[in-house]
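Written out below as structure tokens is the structure these notes cover.
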Amino acid sequence: MISDIVIQLVNQYGYLFFFLAFCLGPFGIPVPNELTIITGGILSNNGVLNPWIVYMVILAGLFVAITFAYFAGRIFGEKFKPKFQNNRHFLKAEKLFEQHGDIAMCLGMLIPVVRYILPVFVGLNGVSYKKFALISYLSAFAWTTTFFAFGKFFGHHILNLLDTIDPKLAVAALIIAVGTFIITKWFKLIFTA
């Protein structure tokens, strides 16, 4: 289970794990942010970690990541843009930003992967740092606060629920979900071609 892996990493690296999990997100480190925040909330609720330190480290890591992405877009965006033209995440973020601008900066924080790519577009499109910081940092604060509070105050319910689920039922549900996703994509491909 992913939360067990997170707990092992926390035991080994302490608070640094949370900072690196968010700070290295743009570099493809495959740590799911939402689960990491919730796990941080659960561990702080159980008294294993200090909730203020965990939350501040998570927020600082995310701020560093999106700020780095913004300045990378601002400085190197035009040079590297052609290299990413076939990346589906890059194209999704670009379309979102072109269609919705400021709202995209806010809502982009809620979408995994896009939260790290969208700041590149913001920088590439010449949005001022002041505007970027105001919108993105407030959105990051709201997003992290929501997930951390959810983990802190409702995490024990989640853990209890996970303990009651039969593993065979969970695997069956996962297979059905993945199968449904694949069939939906397949039909979409056939009927839109």
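The values are calculated or read from the model by the stated rules, or taken from the named source; none is laboratory data. This is a predicted model, so every value here is computed, not measured. Methodologically, a virtual Cβ is constructed for each residue, glycine included, from the backbone with ideal geometry; neighbour enumeration extends over all protein chains shown. With ligands, DNA and RNA removed, areas are computed over all heavy atoms of the protein, side chains included. Shrake-Rupley method; radii C 1.70, N 1.55, O 1.52, S 1.80 Å.
I'd like to check one number: the per residue accessible area of the stretch 51-154, probe 1.4 Å, reported in Å² as a whole number.
55
What ³J(HN,Hα) values, in whole Hz, does the Karplus curve 6.51 cos²θ - 1.76 cosθ + 1.60 give for the stretch 116-130 when θ = phi - 60°, with x put for Gly and Pro?
Computed from phi, the couplings for the stretch 116-130 are 9, 8, 4, x, 4, 5, 4, x, 4, 8, x, 5, 5, 4, 4 Hz.
Sort the following peptides by mean Cβ neighbour count (other Cβ atoms within 10 Å, averaged over residues), highest first: 80-87, 105-112, 60-67.
Those peptides, ordered most packed to least, come out 60-67, 105-112, 80-87.
Highest mean first, how do 118-125, 149-156 rank when packing is the count of other Cβ atoms within 10 Å averaged over residues?
Result, highest mean Cβ count within 10 Å first: 118-125, 149-156.
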